[in-house]
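The values are calculated or read from the model by the stated rules, or taken from the named source; none is laboratory data. Source: prediction; values computed, not measured. Here the Cβ is made from the backbone with ideal geometry for all residues, glycine too, and neighbour counts use every protein chain on show. Side chains included, ligands, DNA and RNA excluded: accessible areas come from the protein's heavy atoms. Shrake-Rupley method; radii C 1.70, N 1.55, O 1.52, S 1.80 Å.
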Amino acid sequence: MPTATIGTDLSVAETYLRRGQLVGLPTETVYGLAGNALDPLAVARIFKTKERPAFDPLIMHLPSLEAAEIYVLNIPDLARKLAASYWPGPLTMVFKRRSLVPDLVTSGLDTVAIRVPRHPLALALLERLDFPLAAPSANPFGYISPTRPEHVRQQLGEKIPYILDGGPCTIGLESSIISFASAEPVLLRKGGLAIEDIFATLGTTIKVNTRSSSNPIAPGMLVSHYAPRTPLSLLSKEDLATSLVHENKIKPGKIAHLVFGGDREFRDDDRVFDLSPTADLTEAASNLFATLRQLDELDCQEIRTALLPEIGLGRAINDRLRRAAANVQ
Ligand code: TXA
Ligand code: MG
């Protein structure tokens, strides 16, 4: 297949999807690799294109809570409360499913993950369709999620015909995932909706289980995930500051540094990337994945960084940094 076209034509995207083909889907979190969730062949194509293991279930995207009702057994009141505040938005909720949902979408689980994205193009597309879109992030399994249409084309462009161009993703981190599969809700993935906001809306805290195990419920829970190919090391803030001076001023080497609210003196250094010069966590989130890709392309030996403040979106950013660092032996 020739390289994917990047465009804004919803009817072209719709035509491919109706034929069982895949389309790059802009959302406010990250770009998705979308196919008809009710067509097992299209869903199989998603797994093949992403080289994703079949034990890893997909999120079904729908235009509204009402549209979701026919695919799930029961939506608890707490979930309705969250939907009222955050759908459309960067929140995925897991419910017991009906048999209408193909097994391939859920990897055989008796639950299904549902999300109503906020991006206007994604919503407009979903409203035109009479089927949900299964869409994982549009990256090869384990690599950094794409936040621009060009990222999708670079990695999957030979394998799909069309990428809907919705510009850069405004949030830049995957959706937060809450499971309502059992009586107690559980947060499975920290993401674009801060847990402080979730707790405030619910008026209570909920269990958080984003740690990996040998058999994770969500592979985003795997210790090593979202990783650049260049080894990434997490340093203390102090050690990062020392490394910046040593590796970039005293003895310029093949080390790249990822900083946050950093010193002006390194601003023109092409091996120092600042996620947000003004130390704004929302800006840092939106820059994180594109910056990790840029750093990966520098051909450095190592990327060094430090954790950000563990509040708001900083928690999800730190979660991704820890997993990205986990492939360093
Ligand atoms: O922001 C997002 O959520 C993006 C955009 C494209 O919507 N999608 C995304 O999809 O990040 P993906 O496939 O990369 O991550 C979905 C995560 C996986 O870790 C998967 O294991 C989990 O959701 N998941 C899907 N269905 C599940 C289920 N029934 N129970 C528990 N986890 C589930
Ligand atoms: Mg993913």
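Taking the helices alone, the chain has a mean residue ellipticity at 222 nm of -8500 deg cm²/dmol, built from -39,500 (n - 2.57) per DSSP H run of at least 4 residues and averaged over all its residues. For the chain, the tally of Lys pairs with Cα-Cα distances below 23 Å comes to 13, considering only residues 8 or more apart or on different chains. A simple spin-label model places pseudo-atoms 7 Å from Cα toward Cβ; at Asp103 and Ala84 they are separated by 3.9 nm. Note on surface exposure: Phe141, Phe55 rank Phe55, Phe141 by accessible area, highest first, 1.4 Å probe.
Placing Asp270, Asp280 in order of accessible area, with the largest value first and a 1.4 Å probe, yields Asp270, Asp280. Heavy-atom accessible surface of Lys237, to the nearest 10 Å², is about 150 Å², with a 1.4 Å probe and all protein chains retained. Here the accessible area of the stretch 109-180 is 50 percent carbon and sulfur, with a 1.4 angstrom probe and all protein chains present.
Taking every alpha-carbon pair under 8 Å whose residues sit at least 6 apart, the chain reaches a relative contact order of 20 percent.
Placing a label point 7 Å from the Cα of Lys159 along the Cα-to-Cβ direction, the residues of the stretch 104-146 whose backbone N falls under 20 Å of that point are 104-108, 133-146. Under a model in which nothing but the beta-carbon of Lys, Arg (+1) and Asp, Glu (-1) is charged, the stretch 45-157 shows a dipole of about 200 debye around its Cα centre.
The value for the chain of Rg(Cα) / (2.2 N^0.38 Å) is 0.99. Plainly put, the stretch 51-146 has a radius of gyration that is 0.95 times its Kirkwood radius, both from alpha-carbon atoms, as the Rg/Rh ratio. Excluding ligands, DNA and RNA, the accessible surface per residue across the stretch 83-206 is 35 Å² with a 1.4 Å probe. From the mean inverse distance of alpha carbon pairs (Kirkwood) and the Cα radius of gyration, derive Rg over Rh for the stretch 89-199. The Rg/Rh ratio comes out at 0.96.
Placing +1 on each Lys and Arg Cβ and -1 on each Asp and Glu Cβ, with no other charges, gives the stretch 232-278 a dipole about its Cα centre of roughly 100 debye. When Rg and the Kirkwood radius Rh are both evaluated on Cα atoms of the stretch 1-66, their ratio Rg/Rh stands at 0.95. Extension gain for Asp197-Arg322 works out to 42.7 nm (0.36 nm per residue, less the C-alpha to C-alpha distance).
Please work out the FRET efficiency for the pair Glu265 and Asp77, using the Cβ-Cβ distance as r and a Förster radius of 45 Å; give the result to the nearest 0.05. In this case the efficiency is close to 0.25.
For the chain, the residue among Leu240, Ala67, Thr27 whose Cα projects farthest onto the positive side of the dipole built from Cβ charges is Ala67. Computed over protein heavy atoms with a 1.4 angstrom probe, the accessible surface ordering of Tyr16, Tyr162, largest first, is Tyr16, Tyr162.
Net charge dipole, the chain: roughly 680 debye, given to the nearest 20, about the Cα centre with Cβ charges of +1 for Lys and Arg and -1 for Asp and Glu.
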